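These notes are about the structure you will find just below.
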Amino acid sequence: SLFTFRYLRKNLYTMPDRAMPDQETITKATETLQKIGRPLLAFISAALPIVISSCQKAWAFYKKLPHNVVQFLIGTILCFFGGLYPTLFAAIQAAKIGGINIVSKALSDISEEAMIVIEESKKDDKVDADGNGVADVKEMDSKALLLRKANLVMTKMNPQKVDEAMAAISKVWLSVISVLTVQFARTIALSISISDSLKKTFNRFCTPTIQKAVPKEYQKWVPVVVGWICKSIGMSLAWYIQTVISAVTSALEGGKIAAFAILKFFKDKGMNPAGIIPEDLDDTYVDEAIAYLFAALGVFFQFKLGFDVPFPFNLLLFPFEIAEYYIRWSITTVSEA
């Protein structure tokens with residue numbers, strides 16, 4: 001993203017020349033990329049169609065759900081998981097205002113282009129131009145294969161369509177980051193304050209000792225790595241406090257949404273258990289009682305989890321974990337820039 005680029009420019013390109021990677025490091029990185037190129041391409045070709053197809057089916061299923069069911073699911077998720085992913089849920093809410101339909105269309109366009117490239121790549125894998133009975137791609141080394149597939153992407157993909165889709169996603173992302181930066185300003189300020197204090201302490205007492213223990217050619221990385229560690233610690237502490245606050249507020253909000261959806265469901269079905277549901281849902285405290293019950297259960301549930309997703313659910317929700325941490329890092333970094 002733009003903010004990641006700014007961070008890298010600030011922290012890397014402003015370093016002395018001796019801190020930049022040398023030719024040997026670049027060569028080793030290139031060789032490593034060539035070694036993993038073939039299995040990586042095979043994995044992407046196999047996994048990406050499954051991911052795209054699963055997302056499309058999940059989205060189509062979601063669109064077909066009744067409104068009350070959708071509201072109940074949203075409320076329950078906020079109630080029981082809102083504190084675990086505060087910035088992710090806030091980003092989704094901000095995206096709804098900033099243009100989630102635009103992002104949806106952009107992702108659809110990108111997935112279509114990706115499927116086109118994958119199908120063309122599968123056809124290319126069967127090409128035997130020299131007629132020796134062996135596919136050409138199997139006779140190539142990793143470097144030649146990467147160049148061939150790169151050329152395939154360049155020739156088969158619609159660059160205008162992808163460029164417009166990426167531009168649309170970037171615009172929405174910028175608006176989301178702007179909203180989140182304001183929404184979590186106090187948490188960001190606390191995170192930066194903690195990391196700066198830790199950095200001063202580390203640089204005074206720990207960094208000199210670490211530099212003496214590290215080989216001379218790697219000493220230039222010690223201040224940088226120490227800065228990253230201090231920032232991670234500051235973010236963890238500040239965002240843990242925010243997680244507790246978000247767990248309570250999201251549980252209350254989610255409980256209200258879920259409770260209203262339950263009452264609306266019974267009313268639409270003509271059901272009125274014990275006659276507690278009035279004609280006008282605004283004239284009852286039943287929804288508030290249900291909401292507080294949901295909220296109490298949600299806060300207790302998240303507290304028992306230690307505000308962290310347990311195994312094996314953390315494996316299933318791993319993409320959410322990555323997205324949550326990336327958003328936290330992004331808005332904290334933006335505020336430092």
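Since every read-out is calculated from the coordinates, none of them should be taken as a lab result. These numbers were taken from a predicted model, which means no experiment stands behind them. So basically every Cβ, Gly included, is an ideal-geometry build from the backbone, and we count neighbours across all protein chains shown.
Using the per-residue mean of other Cβ atoms lying within 10 Å as a proxy for protection, in what order, highest first, do the peptides 290-296, 128-134, 240-246 fall?
Details: 290-296: 18.6, 128-134: 8.6, 240-246: 16.7.
Descending mean neighbour count gives 290-296, 240-246, 128-134.
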Looking at segment 45-139 from every direction and averaging, what is the projected area of its Cα convex hull in nm²? 9.0 nm²
Of the peptides 58-64, 325-331, how do they stack up when ordered by the mean number of other Cβ atoms within 10 Å, highest first? 325-331, 58-64
In whole Hz, with x marking every Gly and Pro, tabulate ³J(HN,Hα) for segment 156-171 from phi via Karplus 6.51 cos²θ - 1.76 cosθ + 1.60, θ = phi - 60°. 9, 7, 8, x, 5, 5, 5, 4, 5, 5, 5, 5, 5, 4, 5, 4
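Rounded to whole Å and ordered largest first, report the semi-axes of the equivalent ellipsoid of segment 158-271 derived from its Cα gyration tensor (root of 5λ).
44, 25, 12
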Shape call for segment 218-272 from the C-alpha gyration tensor, a ≥ b ≥ c root eigenvalues: rounded (a/c under 1.5), prolate (a/b greater than b/c) or oblate? prolate
Under Karplus coefficients 6.51, -1.76 and 1.60, residue-wise ³J(HN,Hα) of segment 134-146 in Hz, glycine/proline x: 10, 4, 4, 5, 7, 9, 8, 7, 4, 5, 5, 5, 4
Between Phe266 and Thr201, what FRET efficiency follows from the Cβ-Cβ distance if R0 is 56 Å, with the result rounded to 0.05? 0.45
Size of segment 151-210 along its principal axes in angstrom, Cα-based, largest extent first? 56, 34, 8
Violating pairs (Cα-Cα greater than 29 angstrom) within the set Lys57/Lys171; Lys63/Lys156; Lys57/Lys123; Lys96/Lys156; Lys105/Lys149; Lys63/Lys269: Lys63/Lys156; Lys96/Lys156
Please give me the summed charge of the neighbours of Ala258: other residues whose Cβ is under 13 Å from its Cβ, Lys and Arg +1, Asp and Glu -1. -1
Summing Lys, Arg as +1 and Asp, Glu as -1, what charge do residues with Cβ under 13 Å from the Cβ of Val309 carry, Val309 excluded? -2
